[in-house]
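Asks: If you scroll down you'll find the structure; I have some questions about it.
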Amino acid sequence: MNRKAALSVVLAGVLWGIISLFVRRLNAAGLGAMPIALVRMAVSAAAFTGFLAVTDREKLRIRPRDWWMFAGTGIVSVTLFNGFYFTTIQRSEASVAVVLLYTSPVFVMLLSALLFHERITARKLAALGMTFAGCVLVAGLTGGAAAIGPDVLLFGLASGLFYALYTIFGRVALGRYDTMTVTAYTFLFGLAGSLPLGEAGRVAAAVAAEPGLIWYCLGIGVVCTVLPYLFYTWGLERMESGLAAILVAVEPLVGALIGMTLYQEDCSPSKLAGIALILGSILVLSWPERVSAPSPDGDRG
């Protein structure tokens with residue numbers, strides 16, 4: 001495995017995982033899920049396209065026949081993932097939503113095998129099982145208190161599917177365009193998809209009433225969106241899709257740690273065991289492949 005690529009993907013998961021620091025503050029100001037999603041996309045699209053317009057305008061050039069790729073990463077993936085994910089949270093609990101969301105590596109692994117002919121190895125399956133089990137334990141779903149209805153299950157699995165599709169569409173786009181181009185157009189199309197449901201007027205009113213919120217808007221857009229998408233897309237360009245999807249599952253681990261240390265959330269043995277499982281899955285994937293020594297008679301394979 002390319003260790004720099006793996007580190008880049010893990011760092012993306014860490015930055016996505018600290019998003020609760022910004023979300024809690026924006027929630028307190030009266031902004032709901034979709035307005036916050038709109039803020040993320042608006043700040044990210046402005047930051048990226050503005051940066052490229054100044055530094056390298058050539059990277060803003062795309063062929064019209066390739067728009068479907070960015071509609072895939074931005075609207076099909078980012079916008080629909082947010083919609084289904086937030087709906088799952090509203091109809092159930094955040095812990096249930098995050099577990100269903102992290103069925104995404106399953107979708108990535110299956111789609112990558114189908115579309116890109118990536119091998120499903122024993123190591124990947126072991127890491128996948130450890131990751132999902134860890135998410136279940138971190139979310140505290142083993143105590144029998146969580147009852148998941150059919151609608152919650154459907155919306156949650158849909159969030160996992162559309163989350164996974166960023167990896168699939170992104171890999172195709174990276175075959176033709178630079179990392180910066182892919183990420184910039186993901187945000188632009190994501191912004192277009194978020195506008196109808198984002199209640200832009202409410203966002204503007206909240207910032208006007210409390211100007212200090214602008215820093216949290218910038219934080220959620222740059223720190224928790226632009227940078228992690230850059231790191232993830234850069235890593236994805238240099239490793240298999242299935243591995244990247246599992247490594248980025250460090251995100252719920254980081255979110256749980258923040259909750260336990262800053263917000264006095266549950267610190268039970270099962271949650272700690274789940275954190276250990278997720279870390280273990282990353283170690284399993286990062287461990288160097290064992291190379292078999294050649295037989296004395298030579299390779300007859």
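Asks: Which of the helices (runs of 4 or more DSSP H) found entirely inside the range 101-196 contain at least 2 residues meeting this: open to solvent by less than 50 Å² (accessible area, probe 1.4 Å) and under 20 Å from Gly74 (Cβ atoms)?
Replies: Counting at least 2 such residues, we get 104-115, 150-174, 179-194.
Asks: Looking at the structure I just gave you, is Thr79 open to solvent by less than 20 Å² (accessible area, probe 1.4 Å) and either closer than 17 Å to Gly170 by Cα or not in a loop (DSSP other than H, G, I, E, B) (or both)?
Replies: yes
Asks: I'd like to check something: does the range 199-218 contain any residue that is within 23 Å of Ala53 (Cβ to Cβ), in contact with a Leu (Cβ under 7 Å, 6 or more places away or on another chain) and of a type in the set (Ser, Thr, Tyr)?
Replies: No, the range 199-218 has no match at all.
Asks: Thr103: modelled with pLDDT of 85 or more, of a type in the set (Ser, Thr, Tyr) and closer than 29 Å to Tyr177 by Cα, yes or no?
Replies: Spelling it out, it is not the case that Thr103 is modelled with pLDDT of 85 or more, of a type in the set (Ser, Thr, Tyr) and closer than 29 Å to Tyr177 by Cα.
Asks: Checking Leu60 against (1) surrounded by fewer than 24 Cβ atoms within 10 Å (Cβ to Cβ); (2) closer than 25 Å to Leu128 by Cα; (3) modelled with pLDDT of 85 or more: exactly one of these is not met. Which one?
Replies: Going through the list (1) surrounded by fewer than 24 Cβ atoms within 10 Å (Cβ to Cβ); (2) closer than 25 Å to Leu128 by Cα; (3) modelled with pLDDT of 85 or more, Leu60 breaks only (2).
Asks: Ok, one more. Being under 13 Å from the mean Cα position of the chain (by Cα) and hydrophobic (A, V, I, L, M, F, W, C) is the filter here, so list the residues in the range 146-186 that pass it.
Replies: Correct list: Leu161, Phe162, Ala164, Leu165, Ile168.
Asks: Right, here's the next one. Condition test on Ala37, is it small (Gly, Ala, Ser) and free of Cβ contacts under 8 Å to residues at least 24 places away in the same chain?
Replies: Taking the combined requirement at face value, the residue does not satisfy it.
Asks: Find the helices (runs of 4 or more DSSP H) located wholly in the range 203-249 whose residues include 1 or more that are open to solvent by 10 Å² or more (accessible area, probe 1.4 Å) and without any contact (Cβ under 8 Å) to a residue 40 or more places away in the chain, and list them.
Replies: Fully inside the range 203-249 and qualifying: 213-221.
Asks: Then there is this: Please work out if Val291 is of a type in the set (Val, Ile, Thr) and at pLDDT below 75.
Replies: It is true that Val291 is of a type in the set (Val, Ile, Thr) and at pLDDT below 75.
Asks: Next question, about the same structure. Return the residue satisfying two criteria in turn: it lies in the range 11-34 and is touching a Ser or Thr at 6+ places or on another chain (Cβ under 9 Å) and part of a helix (DSSP H, G or I), and of such residues it is surrounded by the most Cβ atoms within 10 Å (Cβ to Cβ).
Replies: Ala12
The values are calculated or read from the model by the stated rules, or taken from the named source; none is laboratory data. A quick note: this is a predicted structure, and the numbers were derived from the prediction, not measured. So basically every Cβ, Gly included, is an ideal-geometry build from the backbone, and we count neighbours across all protein chains shown. What goes into the accessible areas is simple: the full protein's heavy atoms, side chains included, and nothing from ligands, DNA or RNA. Shrake-Rupley method; radii C 1.70, N 1.55, O 1.52, S 1.80 Å.
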